[in-house]
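Here the structure comes first, spelled out in structure tokens, and everything after it is commentary.
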């Protein structure tokens with residue numbers, strides 16, 4: 001293997017994980033039908049953005065929808081966890097998802113302005129840093145570089161279905177700890193919680209909860225980062241306390257009342273946006289800070305979320 005990035009990935013992820021991910025990317029790049037959890041992948045369709053933009057302009061909604069992408073909402077979500085160590089009572093996680101950083105530069109500037117003044121202890125990002133699902137990763141990495149100057153460390157992330165694994169070295173060089181079926185022990189006041197992250201479970205499907213959580217103590221409080229809520233059943237049965245995810249965009253283009261036309265995910269609609277619970281696990285699905293395919297949002301404003309952990 002002569003490609004320097006591929007060599008880096010094998011050293012970083014191990015031969016099997018790296019070759020699986022790279023192989024699927026090469027085989028399924030730009031695939032519109034088949035593969036992944038869903039059969040239809042509109043984000044891979046060349047003409048999707050032009051068709052959607054044309055229809056919205058025809059309806060007179062495009063300009064308003066584009067302005068809405070700049071109206072970033074800062075949401076606060078309290079999460080009560082019965083086993084939370086006392087040292088982490090009040091611990092805050094800034095949650096960013098679905099930035100699609102190279103699609104809409106003015107929106108990235110708006111996001112950067114909003115996060116610069118927020119108070120939090122760590123930042124987590126749940127994937128889809130890139131607008132396209134194929135091609136050069138450099139524009140997305142350049143856009144992320146600007147945002148990261150406004151974020152406080154530590155920053156943890158997982159990859160999404162738009163992201164190439166070739167972005168991993170670039171993101172980590174910028175100080176982002178990307179969890180690829182891995183866990184990170186976070187300590188405070190002599191106590192600890194565990195942040196667990198899995199590779200994209202929606203399209204590439206090389207995620208492994210078992211591998212990611214294998215070194216986590218049985219009695220530890222665990223927060224799972226996944227790109228999509230589609231792993232909610234597996235995560236709940238595995239005993240995770242909290243799942244933070246995105247992918248759905250909350251529908252992005254919604255009917256009045258925030259009713260999504262589609263969530264692009266095989267999940268109950270109650271899991272499509274905001275806080276939810278399944279069994280003993282709590283979850284939060286971010287509607288995303290960016291936009292996908294077209295830089296438009298209707299009846300579904302973009303958001304960044306500050307989760308505050310509380311002893312319940």
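No value in this document is a laboratory result; all are computed from the given coordinates. Just so it is clear, the model here is predicted, and its values are computed rather than measured. Cβ: placed from backbone, ideal geometry, glycine included. Neighbour counts: every protein chain shown.
Laid out as a table, the results:
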| item | result |
| --- | --- |
| Radius of gyration and Dmax over the Cα atoms of segment 142-242, both given in Å | 14.0, 40 |
| In Å, descending, principal axis extents of the Cα set of segment 177-230 | 39, 19, 17 |
| Whole-angstrom gap from segment 125-179 to segment 48-107, using each part's C-alpha centre | 16 |
| FRET E, pair residue 78, residue 3, Förster distance 35 Å, beta-carbon r, rounded to 0.05 | 0.15 |
| Mean separation of Cα contacts under 8 Å, 6 or more apart, over the residue count of the chain: relative contact order % | 25 |
| Among 255, 225, 209: highest mean-square fluctuation, GNM of the chain, C-alpha pairs under 10 Å | 255 |
| Stokes-Einstein D (µm²/s) once Rh is taken as the Kirkwood radius of the chain over alpha-carbon pairs, at 25 °C in 0.890 mPa s | 126 |
| Ratio of the Cα radius of gyration of segment 89-171 to 2.2 N^0.38 Å, where N counts its residues | 1.06 |
| Distance cut-off 12 Å, percentage of C-alpha pairs in segment 207-247 lying past it | 56 |
| Computed [θ] at 222 nm, deg cm²/dmol, the chain (DSSP H ≥ 4; -39,500 (n - 2.57); rounded to nearest 500) | -7500 deg cm²/dmol |
| Convex hull volume per residue for segment 255-303, taking Cα atoms only, in Å³ | 86 |
| For segment 54-128, alpha-carbon Rg and Dmax in angstrom | 16.8, 56 |
| Extension gain from residue 16 to residue 150, taking 0.36 nm per residue of separation minus the Cα-Cα distance | 44.7 nm |
